[in-house]
Amino acid sequence: MVPLGRVSATAAAVVAANLQALLGLNTLVVRPWPEPSPCLVPTRGQYDASLILRELAPEGESGALRLGLINHDLCLSFLTFVFGEAQLGGRAAVVSLHRLQDLDDGSRAPQALFLERLAKVGLHETAHVLGLPHCRAPGCLMRFSGGLAELDRLGLEFCPACQGRLAVGRARIRRGDVRAPFGSGPGLG
């Protein structure tokens, strides 16, 4: 896991613990990288998530999977915002803490709710890296969430079909069969 700029150590630890406990992935939080300034879209005041993914997993480079955490708001050229973004079956994902800290009335979410949201998005985006697409099963963590209310309705569970796909994705990682990045999915990833 790669903090991008200043990111709470508690937030990083919670995501790492969930990746280890629920996905069975050994997770190391590395020293923070600088904020990805070249990825800022000045006219929007947001960071382009697709550009951050290129920074996290440059083409031609092999190595560990990387999950970036950033405090700033993320967007894609065709979406107003995203909670996170991932390379489907690739090597990198990024999650923004920015919107996960809010309530609908504009006030701050309680810490427990914020950390639960962060864990959900971190797991969801990492599952995309493991090869899982969005799912239509009610309550499945791989279901698309376009807003906080939808995200809050999800549990920390994957449906049986997605659990099977996760096993395949983890086996791919253990074999070292990590393809070069291709494509990505918007929204809650």
The long-range amide H neighbours of Gly89, using H built 1.01 Å from N in the peptide plane and a cut-off of under 5 Å, are Val129, Leu130, Gly131, Leu132
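Roughly speaking, what is the stretch gain from Phe78 to Asp104, that is 0.36 nm per residue apart minus the C-alpha to C-alpha distance, in nm to one decimal?
Values: separation 26, 0.36 × 26 = 9.36 nm, distance 2.33 nm.
In short, 7.0 nm is gained.
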With unit charges on the beta carbon (Lys/Arg positive, Asp/Glu negative), name the residue among Cys135, Val95, Leu76 whose Cα is farthest towards the positive pole of the charge dipole of the chain.
Cys135
Highest average packing first - 88-96, 160-168, Cβ atoms within 10 Å
88-96, 160-168
Protection-proxy order for peptides 38-46, 1-9, 144-152, each taking the mean of Cβ atoms within 10 Å per residue, highest first:
1-9, 144-152, 38-46
Around Cys140, what is the net charge, scoring Lys/Arg as +1 and Asp/Glu as -1 over all other residues with Cβ under 13 Å from its Cβ?
+3
Calculate the dipole size of segment 33-125 relative to its Cα centre from +1 charges on Lys and Arg beta carbons and -1 charges on Asp and Glu beta carbons; express the result in debye to the nearest 20.
100 debye
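Compute, for the chain, the length of the dipole vector about the Cα centre, with Cβ point charges of +1 (Lys, Arg) and -1 (Asp, Glu) only. Units Debye, rounded to 20. List each step's numbers first, then the result.
Numbers: 19 positive and 16 negative charges, 122 e Å.
Once rounded to the nearest 20, the dipole reads 580 debye.
Give me Glu116, Glu55 sorted ascending by neighbouring Cβ count inside 10 Å, so fewest comes first.
Working: Glu116 20, Glu55 17.
Final ranking by Cβ density, sparse to dense: Glu55, Glu116.
Quick note: the coordinates plus some simple rules give every number you see, no bench work behind them. What you are looking at is a predicted structure, and each value in this text was computed from that prediction instead of being measured. A quick note on method: Cβ atoms are made from the backbone with ideal geometry, for glycine too, and the neighbour counts reach across all protein chains shown.
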